[in-house]
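So the structure is just underneath, and the comments pick up after that.
The values are calculated or read from the model by the stated rules, or taken from the named source; none is laboratory data. No experiment lies behind these values; they were computed from the predicted model shown. Every residue, glycine among them, receives a Cβ derived from its backbone with ideal geometry; neighbour counts consider all protein chains shown. To get the accessible areas, we keep the full protein, side chains included, count just its heavy atoms, and leave off ligands, DNA and RNA. Shrake-Rupley method; radii C 1.70, N 1.55, O 1.52, S 1.80 Å.
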Amino acid sequence: MALGSISTLRSALRDFYDDYAHCLDTFDLQRWPDFFTEDCRYRVLSAENYDAGLPLSLIYCDGRNMLKDRVTALKETTVYEPRHLRHFVAGVRVLGQEDGLIRATANFMILESLSDQEPVVNMVGRYVDALVETGQGFLLKERYCVHDNYRVRNSLIIPI
């Protein structure tokens, strides 16, 4: 891959990641599954488990329909204190391309603000992604949200 095309791809991925973060920060959760392929895999897991190849995950969704079910549960059945989230994504890297998949990674930090408290760091980690490029842009085939937190706050409600 030519240097210019890597730079162009990284720039396009940054835009995609920014759109993803904006979707979550504005609680546009109905749109969240649209960032994924129908046969996607979405996991939230610790760095220790990821590095050891262990399957235990805090959240494990196979397929877009499971993501939609998660959104329905959040919107209609889950009761939680109102909050504001800000997803910060940086360090986007293209790891490679093969068999129609783009392998990429990026760092994330999520800040959470409740109405009566100072903002706190909710989670820090990295995305480990496999994406496909379509005529309308990118879609996530795999998104592993690998968190560095030793402790996970009890408010893991909104997708990472």
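What to note about this one:
- Within segment 133-160, restricting attention to residues that are loosely packed, with under 15 Cβ neighbours inside 10 Å and outside any loop (DSSP other than H, G, I, E, B), the residue that is farthest from the chain's Cα centre (by Cα) is Thr134.
- Scanning segment 51-65 for residues that are surrounded by 14 or more Cβ atoms within 10 Å (Cβ to Cβ) and more than 9 Å from Pro33 (Cα to Cα) returns Ser57, Leu58, Ile59, Cys61, Gly63.
- Scan of segment 77-99 for residues that are surrounded by fewer than 15 Cβ atoms within 10 Å (Cβ to Cβ), touching an Asp or Glu at 6+ places or on another chain (Cβ under 8 Å) and modelled with pLDDT of 90 or more, ordered by number: Arg86
- Count of residues meeting criterion [closer than 21 Å to Val128 by Cβ and among the aliphatic types (A, V, I, L, M)] in segment 20-41: 2
- Segment 17-46: number of residues that are crowded, with 19+ Cβ neighbours inside 10 Å and touching a helix residue (DSSP H, G or I) at 6+ places or on another chain (Cβ under 8 Å): 8
- In summary, strands (runs of 3 or more DSSP E) completely within segment 50-121 and bearing 3 or more residues that are without any contact (Cβ under 8 Å) to a residue 12 or more places away in the chain occur at 83-98.
- Extreme residue, nearest to Gly125 (Cα to Cα), among residues of segment 66-76 that are out of contact with any helix residue (DSSP H, G or I) (no Cβ under 7 Å at 6 or more places or on another chain) and open to solvent by 90 Å² or more (accessible area, probe 1.4 Å): Asp69
- Enumeration of residues in segment 111-132 that are within 12 Å of the chain's Cα centre (by Cα) and either modelled with pLDDT under 95 or open to solvent by 10 Å² or more (accessible area, probe 1.4 Å) (or both): Met123, Val124, Arg126, Val128
- Here is the figure for segment 102-160: residues that are touching a Phe, Trp or Tyr at 6+ places or on another chain (Cβ under 6 Å) and among the charged types (D, E, K, R) total 1.
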